[in-house]
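Reading through the structure tokens given below for one structure.
The values are calculated or read from the model by the stated rules, or taken from the named source; none is laboratory data. No experiment lies behind these values; they were computed from the predicted model shown. Every residue, glycine among them, receives a Cβ derived from its backbone with ideal geometry; neighbour counts consider all protein chains shown. Only protein heavy atoms, including side chains, enter the accessible area calculation; ligands, DNA and RNA are left aside. Shrake-Rupley method; radii C 1.70, N 1.55, O 1.52, S 1.80 Å.
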Amino acid sequence: MTKIKPRITEGRAIEDSNSMTMEEYSEIMKKQLGKDYNRFADNVISQVMPTNNSLVLEIGSGPGWAGINLVKKRPDLMLDGLEPSNDMIKVATENAKHEGVGDRCKYINGFAENMNEIKDATYDLVISRDSLHHFIDPEKVFLEVKRVLKPAGKIYIRDSRRDLNLFVKLIVNIFSRFIPNNMGKYWKSSIAASYTPQEIEEIINKIKCNDWRVNSNLMDLTILKI
């Protein structure tokens with residue numbers, strides 16, 4: 001049985017630095033993960049089937065590519081992106097404009113653990129792609145998601161999982177060496193900061209979100225409310 005290491009927490013907001021601007025980060029992510037952003041949007045549409053004219057909250061929107069892909073595929077959707085980095089908000093706003101969806105994407109500064117400025121039962125759908133591992137206290141985040149989501153609202157949150165088996169760890173170690181711009185290193189640190197499906201299930205059960213479920217595959221976990 002593979003021993004599961006304790007989480008190694010990762011930094012919160014990703015901001016401009018001497019080594020990389022968020023414009024550069026955005027272009028790297030689009031180039032390397034463009035197909036995955038597209039697949040994420042397809043999975044949201046096919047698995048939770050957003051209702052027509054939904055208002056969507058994207059948590060940890062980063063450069064915006066996941067949510068932008070979603071609203072491009074569903075012209076009836078409107079999206080608010082919650083992001084702690086003002087540098088990312090600037091880039092996401094420009095990306096949305098460039099992709100022709102700037103009128104349907106709005107980005108706001110904030111942390112998911114405290115969304116006091118958002119009224120109860122505001123959103124029809126909450127999504128997040130690869131941001132869960134940044135949450136220091138996912139229980140607080142889930143309680144806030146529960147509060148701002150409409151009673152019949154839907155959820156699609158996807159992230160890596162920490163409890164990889166030995167074969168998958170080997171694959172990650174090999175492929176991470178060939179990813180440029182230190183992104184392989186960041187991929188491995190994100191996995192080390194991730195939660196296990198069991199840890200997420202325990203939190204969901206604790207806060208009595210009985211209509212949420214956790215699915216997982218070899219690499220990732222997904223939280224769904226349909």
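Just one of the listed residues (SER189, SER160, SER176) is under 19 Å from ASP220 (Cα atoms), open to solvent by less than 60 Å² (accessible area, probe 1.4 Å), in contact with a His (Cβ under 7 Å, 6 or more places away or on another chain) and not aromatic (Phe, Trp, Tyr), and it is SER160.
Of all residues in segment 78-109, those satisfying the criterion of being under 17 Å from LYS30 (Cα atoms) and among the β-branched types (Val, Ile, Thr) are ILE89, VAL91, THR93, VAL101.
Going through (1) more than 18 Å from ILE207 (Cβ to Cβ); (2) open to solvent by 20 Å² or more (accessible area, probe 1.4 Å) one by one, LYS146 falls short only on (1).
Residues that are exposed (fewer than 12 other Cβ atoms within 10 Å of the Cβ) and modelled with pLDDT of 85 or more within segment 9-23 comprise SER17, ASN18, listed in sequence order. The set of residues from segment 84-103 being open to solvent by 10 Å² or more (accessible area, probe 1.4 Å), outside any helix (DSSP H, G or I) and under 17 Å from MET22 (Cβ atoms) comprises PRO84, GLU99. Entry remark, segment 184-211: residues being under 17 Å from the mean Cα position of the chain (by Cα) and part of a helix (DSSP H, G or I) number 10 in total. Tallying residues that are hydroxyl-bearing (Ser, Thr, Tyr) and farther than 27 Å from GLY11 by Cβ within segment 112-136 yields 1.
The residues listed here are ASN53, ASN69; of these, the one that is out of contact with any Leu (no Cβ under 6 Å at 6 or more places or on another chain), at pLDDT 95 or above and assigned to a helix (DSSP H, G or I) is ASN69. The combined condition, being of a type in the set (A, V, I, L, M, F, W, C) and buried (at least 21 other Cβ atoms within 10 Å of the Cβ), is not fulfilled by PHE167. Every listed requirement among (1) assigned to a loop (DSSP other than H, G, I, E, B); (2) at pLDDT 95 or above; (3) of a type in the set (A, V, I, L, M, F, W, C) is met by ILE179 save one, (2). Considering segment 147-174, the residues that are assigned to a helix (DSSP H, G or I) and modelled with pLDDT of 95 or more include one that is nearest to TYR37 (Cα to Cα), namely VAL148. Between VAL48, VAL71, VAL44, the distinction of being more than 15 Å from ASP130 (Cα to Cα), in contact with a strand residue (DSSP E or B) (Cβ under 6 Å, 6 or more places away or on another chain) and touching a residue at least 40 places away in the same chain (Cβ under 8 Å) belongs to VAL48 only.
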